[in-house]
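So the structure is just underneath, and the comments pick up after that.
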């Protein structure tokens, strides 16, 4: 099994809301490349610099958090013949978390003075500790969210093992 990774997608708050409503992630204007690095079970959070792209009011907050569902990229049919690539995400109930109070504690942000530069490529891979800090700021229990998938898998495995045992007949 591969190790879980953690990602931040940079989109407007409006686009993050659309992603949550449709249970998908779309980054870098629908390009497939960044999504191809993500796997089932990876952590995913949206950072929204603005309400609308490109000139909306500033938000500068983490606006949605979840887990990559199956890691299978699909193309959507949207207006005007656009076909953006997307990835299914199971989003958690969470609240927005402003980035400024977290800046000093996030290791992936090297320059605390020019912190916006960390988000310039639209997708950022972050360490587990940083993702856990963001999750906590959004009101999530990172440890419970991380265990959830593993414990579900373990229960399913035990169930299958029980089914594979021979049935004892009542004598």
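Every listed requirement among (1) over 14 Å from residue 8 (Cβ atoms); (2) surrounded by 12 or more Cβ atoms within 10 Å (Cβ to Cβ); (3) in contact with a strand residue (DSSP E or B) (Cβ under 6 Å, 6 or more places away or on another chain) is met by residue 84 save one, (3). Under the condition of being farther than 15 Å from residue 16 by Cβ and in contact with a strand residue (DSSP E or B) (Cβ under 9 Å, 6 or more places away or on another chain), the residues counted in region 91-111 number 5.
Only one entry in 4, 37 is crowded, with 17+ Cβ neighbours inside 10 Å, touching a strand residue (DSSP E or B) at 6+ places or on another chain (Cβ under 8 Å) and farther than 21 Å from residue 96 by Cβ, namely 4. Screening residue 115 against (1) surrounded by 11 or more Cβ atoms within 10 Å (Cβ to Cβ); (2) modelled with pLDDT of 95 or more; (3) within 20 Å of the chain's Cα centre (by Cα) leaves a single unmet condition, (3). Counting only residues that are assigned to a loop (DSSP other than H, G, I, E, B) and closer than 15 Å to residue 74 by Cα, region 7-34 holds 5 of them. In region 70-77, the condition of being at pLDDT below 95 and not in a strand (DSSP E or B) is met by at least one residue.
On inspection, residue 66 does not qualify as over 30 Å from residue 143 (Cβ atoms), without any contact (Cβ under 8 Å) to a residue 60 or more places away in the chain and surrounded by 12 or more Cβ atoms within 10 Å (Cβ to Cβ).
Look at region 35-53: where a residue is at positive phi and in a loop (DSSP other than H, G, I, E, B) and a partner is buried (at least 22 other Cβ atoms within 10 Å of the Cβ) and at pLDDT 95 or above, sitting 6+ places away or on another chain with Cβ atoms under 9 Å, you get 41/68.
For residue 17, the test of being touching a strand residue (DSSP E or B) at 6+ places or on another chain (Cβ under 8 Å), surrounded by fewer than 17 Cβ atoms within 10 Å (Cβ to Cβ) and either in contact (Cβ under 8 Å) with a residue 24 or more places away in the chain or at positive phi (or both) is passed.
With 109, 134, 99 as the choices, which residue is surrounded by 18 or more Cβ atoms within 10 Å (Cβ to Cβ), within 24 Å of residue 87 (Cα to Cα) and at pLDDT 95 or above?
On the way: 109 fails: within 24 Å of residue 87 (Cα to Cα); 99 fails: within 24 Å of residue 87 (Cα to Cα).
Among 109, 134, 99, only 134 is surrounded by 18 or more Cβ atoms within 10 Å (Cβ to Cβ), within 24 Å of residue 87 (Cα to Cα) and at pLDDT 95 or above.
The values are calculated or read from the model by the stated rules, or taken from the named source; none is laboratory data. Because the structure is predicted, anything quoted here is derived from the model rather than measured. Here Cβ is always computed from backbone atoms with ideal geometry, including for glycine, and neighbour counts include all displayed protein chains.
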